[in-house]
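Written below as structure tokens is the structure these notes are about.
Where a number appears in this text, it was derived from the coordinates with a stated rule and is not lab data. All values derive from a computational prediction rather than experimental measurement. Because the Cβ atoms are built from the backbone with ideal geometry, glycine has one as well, and the counts that use them run over all protein chains shown.
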Amino acid sequence: MAVRTRSYDAAAEAEARLDTRLVAVGTWLFLAADLGFFVAWWFAFFYLRAINSNQSWRPQGLEPPSKGYGTVVLVLAIGMAFSYVIASGRPTRTLWFRIFTPVALVYAIATCLFQGYEMWHLGFGLTQGGYASVFAGLSGAWLIQVLFATAWLATIVTQARPNGDTLARRQPASSFGWILLFLAAIGVVNYILLYFVA
């Protein structure tokens, strides 16, 4: 009986290690592919800005949206990422995790709401030159990914109860922090390009 128990424990431990490794590799492959997606948008930004055919990059009178909204969205996105990283760095059964993970979710929801509000009140049409098109596409693509990350974060929060998947698979839940950090970093680059470089 003891031999069977040890064998079962060893198999469960090996399965957990494999699960952790697969999630880690999958996360990094996803982030590499996603970086390529955003690099294409950044290339469009610099290319259209450089050629500026018929002065249509930013027609006269077209100004970037309020830096205030952009700053609020950026601060919320950074707060979302760092709250989750702080929470996931601790064992999932601790009070620390149960406090900071919902805080990260609140930041994520607020990020989506503020970015969505800004997209609805840009002050220019999406076809009014290259800048308007790139702004809408780049911000919209980032917002969609943050929405999906928010939904994923909500499942982590709801599964943090006893016998939940977040507790059973702690390392994969921790790997999600890299996705949030990645989205926050993309938000920083987008903010610099769309509000200052443009």
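General observations
- Efficiency of FRET from Cβ geometry, Val197 and Val75, R₀ 22 Å, rounded to 0.05: 0.65
- Measure of compaction for the range 32-197 (Cα Rg per 2.2 N^0.38 Å): 1.17
- At 0.692 mPa s and 37 °C, Stokes D of the range 75-143 from Kirkwood alpha-carbon radius, µm² per second: 241 µm²/s
- The range 55-89-the range 90-156 distance, computed between alpha-carbon centres (Å): 10 Å
- Each peptide in 56-69, 24-37 receives the mean, over its residues, of other Cβ atoms within 10 Å, and ordering these scores from highest gives 56-69, 24-37.
- Gain upon complete extension [Tyr47, Val106; 0.36 nm per residue less C-alpha separation]: 17.6 nm
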